[in-house]
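The values are calculated or read from the model by the stated rules, or taken from the named source; none is laboratory data. Computed from a predicted model, the values in this text were never measured in an experiment. Positions of Cβ are generated from backbone atoms using ideal geometry, with glycine treated the same way; all protein chains shown enter the neighbour counts.
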Amino acid sequence: MAHQNPRGNLVLMRQHPYNAEQCGSFLVASDVMLLTTVAVVLAYLLGSVPGGLVLGRLIGVNLLNQGSGNAGATNAWRARGPAFAITVFLFDAAKGVVAVMLLPRIAPAPPWLPEACAAAVLIGHVYPIWYGFRGGKGFATLLGIVVALTPLALPALIGVWFLILVLSGYVSLATLAAALAYPFFLFVVPLFRYPSLLPLLIFSTGVTLFLFYTHRDNIRRLMAGTENRFERVRWFKHGRF
């Protein structure tokens, strides 16, 4: 709904998606657009701080020059072990939480702003402006996004990821399976239905395709049978449990 103020400016009368009482006075449409843009840009810049590269610099490690050359937690594990990998994972996941839970509060904007910030932080993580557009592959940041955006879906995604990992030993295959499960659970399982379902379905479908793109080299290696496998995490191998 819109209202004409005494100066003739078009003013938006839209409730803030988080706390309408704190919005204060009405904002001119151009101001809302500006604040919305600021929130999305900040989400991208936040995503452009990959944990693997920032934390790696503190200990003298450049993940871009080690292992697969990727800045994500899997390569961090190969380069420096589980402690470093877990720290990188939590760092990258926290970016997704902050981008979705805090940045949309900047503007009383459309209800799809959290999804827009989620997409921006994910793109920033994969293509960080500060590091020559070479970042991670996005799964840790996606899980942080899920925590903030659709927390009920988190156990399902982690369950799918863990099951595929222990059956196959392939982290990349487990990641792709979990990405596929995200839009499926939002659409099929009634428990996961949210009030603004359409933006969520668009985002979850888009992010699934995006993760398949970022894992395109892994997919080629999986098809060729040359993908790296974590044998230690496999429960079923050589015909034994």
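Is it the case that PRO82 is in contact with a Leu (Cβ under 7 Å, 6 or more places away or on another chain) and outside the structural domain of THR214 (by TED's automatic domain parsing)? Against the criterion (in contact with a Leu (Cβ under 7 Å, 6 or more places away or on another chain) and outside the structural domain of THR214 (by TED's automatic domain parsing)), PRO82 does not qualify.
Can you find a residue that is under 25 Å from LEU35 (Cβ atoms), assigned by TED's automatic domain parsing to the domain that holds GLN66 and acidic (Asp, Glu) anywhere in segment 108-128? Yes, segment 108-128 contains a residue that is under 25 Å from LEU35 (Cβ atoms), assigned by TED's automatic domain parsing to the domain that holds GLN66 and acidic (Asp, Glu). Please work out which residue is surrounded by the most Cβ atoms within 10 Å (Cβ to Cβ), limiting yourself to segment 105-115 and to residues that are part of a helix (DSSP H, G or I) and more than 14 Å from the chain's Cα centre (by Cα). Among them, the one singled out is LEU113. For the criterion of being closer than 22 Å to HIS215 by Cα, out of contact with any strand residue (DSSP E or B) (no Cβ under 9 Å at 6 or more places or on another chain) and not assigned by TED's automatic domain parsing to the domain that holds VAL49, ALA174 passes. When ALA79, ALA93, ALA140 are screened for being in contact with a Ser or Thr (Cβ under 7 Å, 6 or more places away or on another chain), among the small types (Gly, Ala, Ser) and closer than 15 Å to LEU55 by Cβ, only ALA93 passes. For segment 49-93, a tally of residues being of a type in the set (A, V, I, L, M) and free of Cβ contacts under 8 Å to residues at least 12 places away in the same chain returns 2.
The helices (runs of 4 or more DSSP H) found entirely in segment 116-210 that carry 2 or more residues being among the polar types (S, T, N, Q) are 171-188. If you check PHE133, PHE139, PHE84, PHE89 for being over 12 Å from the mean Cα position of the chain (by Cα) and either within 20 Å of PHE184 (Cβ to Cβ) or surrounded by 20 or more Cβ atoms within 10 Å (Cβ to Cβ) (or both), only one passes: PHE84. Filtered by the rule that a residue be at pLDDT 85 or above and of a type in the set (Val, Ile, Thr), segment 105-152 gives VAL121, ILE123, VAL126, ILE129, THR141, ILE145, VAL146, VAL147, THR150.
Number of residues in segment 143-173 that are closer than 16 Å to PHE184 by Cα, among the β-branched types (Val, Ile, Thr) and touching a residue at least 24 places away in the same chain (Cβ under 8 Å) equals 2. VAL160 meets the conditions (1) buried (at least 22 other Cβ atoms within 10 Å of the Cβ); (2) at pLDDT 95 or above in every case but one. The failed one is (1).
For every residue, the table says whether it meets (1) closer than 17 Å to VAL207 by Cβ; (2) among the small types (Gly, Ala, Ser).
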{"position": "GLY51", "(1), (2)": "no, yes"}
{"position": "LEU58", "(1), (2)": "no, no"}
{"position": "ASN70", "(1), (2)": "no, no"}
{"position": "ARG80", "(1), (2)": "no, no"}
{"position": "PRO114", "(1), (2)": "yes, no"}
{"position": "VAL121", "(1), (2)": "yes, no"}
